[in-house]
Amino acid sequence: MPISTLGFQENASQQMQALETAISQTQTELSTGLQLQNAADNPAAMAQVTQLNAQISASQQYQTNGSSLSSNLQIEEQSLSDATSTMQSARDLAVEANNASLTATQRQDISTQLQQLLQQMVSTANSTDSNGNYLFSGETPTTQPFSQSGSQVTYNGSASVSQVQISSNQLISSGDAGANVFMNIPGGNGTFTTAVGANNSGGATIDSGTVVNSSQWVPDTYTITFTDPTDYTVTNSEGATVSSGTYSSPGAITFNGISTTVSGTPAAGDTFTVAPAGTVSAFATISNLIATLNNPALSSAQISTQVGTALEQMDAAVSNFSNVSASVGARLNAITAANTTATASQTAMTASVSSLQNVDYAAATTQLSTQELALQAAQESYASIAKMSLFNYLQ
């Protein structure tokens, strides 16, 4: 089919323009290192790159969250260690105070040291992170969690804590509410508490007791009354007799699935109380011991029983600190594991983005050479053909 001169020129011009555009595109890819300049280059690939970049950004934010949370949890872990040391020091003083040969002045000296430890415990409970936020205030980090008025320590923080996302499907508690760490510690042996009657005149003491059969325990306030030094009766809060028996020191008194041991010589009319445990704060444990040591009206038996109760409460507080610390350690391990997984995932996603977006320099360089040769050939072909004329063949 005959091609007009104008048609030939237009076709040749379009072909050369296309080759020049392709060369320009390849040169841009080589200079920027990117084969995807915009969505028009490859819509499907660009969509994948956008999605992968969003996932990488989210993963990096999770790592930032984890890093910040890890720093705070490490500070909390140290604070729990400090609280444990303080309570253990208080326990050592309690053991020292549990000596009938001590004078009132010596007990007051011990109580003075306990006062200092109480203030130290409050200070630890009000610890802050690097930003000045309180560690144990729960969801109200700018509120000082504990305030002290005399021997009374009150919790002012939140009962709940905020959650921090450290991966697409994992939330971690940012800390621990002070109520759970310092306040709500099971009293006594965790099931019940024991106490010496305030008006006892004998020299008998009572231990913290143990649970023999939890299914038989009926929570109530029970009174053990000695009708004489060798006979007792156990009554409930309504005055009904639950148990009775004879006693010789030391003797175990067992009823309703529990057992407690009375030691020493009770007087007729002496009473001992067994009541549901409830909870006691770490601060109240120290404060109560201070009050015991400063009370000159207490008998040796009452002091011994109350000091024994304090020792048990201190052990419970240390155990609670240990449990919370173990929880903090587990969260730190979870953050480390999540960070390792995130790093590996980011590496894989970055490689995918690179394969989709970054230019293959060897291939692009070869392509540029091919395009330049094609353009050169097209230009030379056009120049050669453009010179041809019918008059060249007329003699």
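See the values below:
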read-out	value
Unmet requirement for GLY209, which otherwise passes all of (1) buried (at least 19 other Cβ atoms within 10 Å of the Cβ); (2) within 27 Å of ALA326 (Cβ to Cβ); (3) modelled with pLDDT under 95	(2)
Boolean, GLN74 is over 22 Å from SER325 (Cα atoms), touching a helix residue (DSSP H, G or I) at 6+ places or on another chain (Cβ under 9 Å) and part of a helix (DSSP H, G or I)	no
Filter result for THR64 (of a type in the set (Ser, Thr, Tyr) and more than 21 Å from THR305 (Cβ to Cβ))	yes
Hey, THR273 of a type in the set (Ser, Thr, Tyr), out of contact with any His (no Cβ under 7 Å at 6 or more places or on another chain), under 24 Å from ASP220 (Cα atoms) and surrounded by 18 or more Cβ atoms within 10 Å (Cβ to Cβ) or not	no
Pairs where the first residue, in region 133-145, is without any contact (Cβ under 8 Å) to a residue 40 or more places away in the chain and charged (D, E, K, R) and the second is in a loop (DSSP other than H, G, I, E, B) and buried (at least 16 other Cβ atoms within 10 Å of the Cβ), C-beta under 7 Å, 6+ apart	GLU139/SER158; GLU139/VAL161
For ALA100: the one exception among (1) at pLDDT below 95; (2) assigned to a helix (DSSP H, G or I)	(2)
Check on ASP228, touching a strand residue (DSSP E or B) at 6+ places or on another chain (Cβ under 7 Å), on the phi < 0 side of the Ramachandran plot and acidic (Asp, Glu)	no
Selection count, region 220-249, where residues are free of Cβ contacts under 8 Å to residues at least 12 places away in the same chain and surrounded by 14 or more Cβ atoms within 10 Å (Cβ to Cβ)	1
Residue, farthest from SER59 (Cα to Cα), within region 157-180, restricted to residues that are among the hydroxyl-bearing types (Ser, Thr, Tyr) and buried (at least 16 other Cβ atoms within 10 Å of the Cβ)	SER158
Scope region 202-215; condition closer than 17 Å to LEU298 by Cα and either in contact with an Asp or Glu (Cβ under 7 Å, 6 or more places away or on another chain) or without any contact (Cβ under 8 Å) to a residue 12 or more places away in the chain (or both); matching residues	GLY202, ALA204
Options ALA252, ALA267, ALA297, ALA291; residue that is surrounded by fewer than 21 Cβ atoms within 10 Å (Cβ to Cβ) and in a strand (DSSP E or B)	ALA252
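For every residue, the table says whether it meets (1) part of a loop (DSSP other than H, G, I, E, B); (2) touching a Gly at 6+ places or on another chain (Cβ under 9 Å); (3) at pLDDT below 90.
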residue: GLY175; (1), (2), (3): yes, yes, no
residue: PHE182; (1), (2), (3): no, no, no
residue: GLY190; (1), (2), (3): yes, no, yes
residue: ALA195; (1), (2), (3): no, no, no
residue: ASP220; (1), (2), (3): yes, no, no
residue: THR223; (1), (2), (3): no, yes, no
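Per-residue answers, yes or no, for (1) at pLDDT 95 or above; (2) touching a Pro at 6+ places or on another chain (Cβ under 8 Å):
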| position | (1), (2) |
| --- | --- |
| THR265 | no, yes |
| ALA282 | yes, no |
| ILE286 | yes, no |
| ASN295 | no, no |
| SER325 | yes, no |
| THR340 | no, no |
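The values are calculated or read from the model by the stated rules, or taken from the named source; none is laboratory data. All of these numbers come straight from a predicted model, not from anything done at the bench. Virtual Cβ from ideal backbone geometry, glycine too; neighbours counted across all protein chains shown.
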